[in-house]
Amino acid sequence: MLVPVDPSVTAVCKAFRRHEMAAGRFKSWDEKIAARPALEKLFGAAGVFVGYLQNRELDYTAAFRRLKALGIDRAYVLPIWMATTMDMGCVMGGPPTDLRGHIPLLHELGWLAGSFIYITDGPKGDGSDLRLDREGKPLLKWEIEEKSWWALGAERRAAWARELLDRGHEGLDAVHFDVLTCVRFQEDWRPDRRSDARADEAAVRGILADAGRRGLIVASEGFLDRLTPWYDLGSTKFSHVVGLDEYCTVPMTMLVYHDSAIHTWWEVDNYNNPEHRSQFGRGYPARFWWGGGFPRRQAAIDALMGAPPDLFPFGAQYCFVPHAHPKTYVYRPSLNDELVRQAIEVAKPVMALHARVGRLELLDHRLHQPDGSIQETVFADGTRVTANFADVAQETPGGIVMPPQSWRAD
């Protein structure tokens, strides 16, 4: 299908938006909130990641209260419960996070509490639950220390989702399905249950829809447009915008879906966390930058997109040792870290902006420099956000000199 449009990012995105709406593949925030009122608390809330691992030395109650006192008055906290298809405590360097006893405290603070569950891959077992490739072989997906993860068939993934939602989510407000919406839809060549990618998409959609029917906020890794009617937050973004004469990063997802879904960061690529730049060599390519720990730059990206900020203020997390995968190490950020404190300060204005525009359509986007260093967006209420992504001060078309890596809303 070819659609003639004006030669601009906005025109292309708005044409696609109209197409998706006409096809019935768009669900607005108003529709979603009417069915699941807890979604209302997302707007103006910071994403607060606390790590996959329980930090035995941390007083979480004191840490949550201190974070609130530092100005994070609204938050979506995850994982309050971390669950996977295998026992990972023995290889991750500590027990998986289980803070479900803190749910009443989080609700007292006015925050949302979410889980993090991994259902797509699992142990090999007798092989009957695994997805097979064209040669009839099971698919080894990834490894961590001495554990191997094999691709599960659609039925087993759905069964794991039901089991974890049934037994672990009392009192929780949200569920995050790790990697569920960031991998391509796959075929299963097992003779007794052959299925194609369309059937796999339907199976993923069914898992997301079941969580939504339970009243949960639904999140997953990756922003997959076709599934936005069934989930609310999709993660993973580039942390650098300016690509010199090669490229610049622009907010296409939000020009289509800002009044339907939130495009957030991969949970470990938050404002204060540089650790995962090294994971799988992500920090080495010179052309496309991945990774967190750039507070001002990431805040400017989120402001331009009308997205909420993401922090990792305390807790514990593993990362793969550079060049030694699948070996891991554990790190523990703290509210006393200078980078954490910087991240909190730059996050607060982004939270305020998101509270103001989070439910609105993103109407327009403009490049004021060909390398993407000065960009502008306009929301449905007239709010205009200008961002300077350069490492030097630059003048906007309106004659305002903006500091390096900064943004403003008018």
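Below are the figures for this structure:
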| item | result |
| --- | --- |
| Single residue of GLY110, GLY101, GLY127 found to be out of contact with any Asp or Glu (no Cβ under 8 Å at 6 or more places or on another chain) and at positive phi | GLY127 |
| Matching residues in the range 235-259 - criterion: being of a type in the set (Asp, Glu) and either surrounded by 22 or more Cβ atoms within 10 Å (Cβ to Cβ) or within 17 Å of the chain's Cα centre (by Cα) (or both) | ASP259 |
| Residue tally, condition under 17 Å from ALA154 (Cβ atoms), in contact with a Ser or Thr (Cβ under 6 Å, 6 or more places away or on another chain) and at pLDDT below 95, over the range 194-223 | 0 |
| Test result for GLY71, touching a helix residue (DSSP H, G or I) at 6+ places or on another chain (Cβ under 6 Å), modelled with pLDDT of 95 or more and not polar (S, T, N, Q) | yes |
| Test: residue in the range 143-161 that is closer than 24 Å to ALA45 by Cβ, under 21 Å from the mean Cα position of the chain (by Cα) and outside any strand (DSSP E or B) | no |
| Filter result (farther than 16 Å from ALA303 by Cα and either modelled with pLDDT of 95 or more or of a type in the set (Gly, Ala, Ser) (or both)) within the range 237-255 | GLY243 |
| Residue match in the range 121-142 (condition: among the polar types (S, T, N, Q) and surrounded by 19 or more Cβ atoms within 10 Å (Cβ to Cβ)) | no |
| Subset of the range 260-294 (residues that are closer than 19 Å to GLY243 by Cα and modelled with pLDDT of 95 or more) | GLY292, GLY293, PHE294 |
| Some residue of the range 212-224 being crowded, with 24+ Cβ neighbours inside 10 Å, aromatic (Phe, Trp, Tyr) and in contact with a strand residue (DSSP E or B) (Cβ under 9 Å, 6 or more places away or on another chain) | no |
| Any hit, the range 28-42, residues being touching a Lys or Arg at 6+ places or on another chain (Cβ under 9 Å), on the phi > 0 side of the Ramachandran plot and not β-branched (Val, Ile, Thr) | no |
| Pick from the range 262-278, criterion over 13 Å from the mean Cα position of the chain (by Cα) and assigned to a loop (DSSP other than H, G, I, E, B), ranking: farthest from ASP30 (Cα to Cα) | SER278 |
| Among the candidates ALA393, ALA380, residue that is more than 24 Å from THR264 (Cβ to Cβ) and at pLDDT 95 or above | ALA393 |
| Residues located in the range 208-232, provided they are outside any loop (DSSP other than H, G, I, E, B) and touching a residue at least 60 places away in the same chain (Cβ under 8 Å) | GLY212, ILE217, ALA219, ASP225, ARG226 |
| Number of positions in the range 298-321 that are over 16 Å from ASP269 (Cβ atoms) and of a type outside the set (Val, Ile, Thr) | 5 |
| Residue satisfying condition, being closer than 30 Å to HIS19 by Cβ and touching a His at 6+ places or on another chain (Cβ under 7 Å), within set ALA261, ALA307 | ALA307 |
| Long-range neighbours under 6 Å by Cβ, at least six apart or interchain, first residue more than 19 Å from TRP266 (Cβ to Cβ) within the range 236-250, second crowded, with 19+ Cβ neighbours inside 10 Å and hydroxyl-bearing (Ser, Thr, Tyr) | VAL242/SER373 |
| Cross-chain or 6+ apart pairs with Cβ under 7 Å, the range 101-122 first and over 20 Å from ARG167 (Cβ atoms), then among the polar types (S, T, N, Q) and modelled with pLDDT of 95 or more | LEU105/THR61 |
| Test: residue in the range 181-197 that is over 25 Å from PRO123 (Cα atoms), hydrophobic (A, V, I, L, M, F, W, C) and in contact with a helix residue (DSSP H, G or I) (Cβ under 9 Å, 6 or more places away or on another chain) | no |
| Boolean, PHE288 is touching a residue at least 24 places away in the same chain (Cβ under 8 Å) and assigned to a loop (DSSP other than H, G, I, E, B) | yes |
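The values are calculated or read from the model by the stated rules, or taken from the named source; none is laboratory data. Nothing here was measured: the structure is a model prediction, and the numbers come from that model. Reconstructed Cβ throughout: ideal geometry from the backbone, glycine too, with neighbour counts over all protein chains shown.
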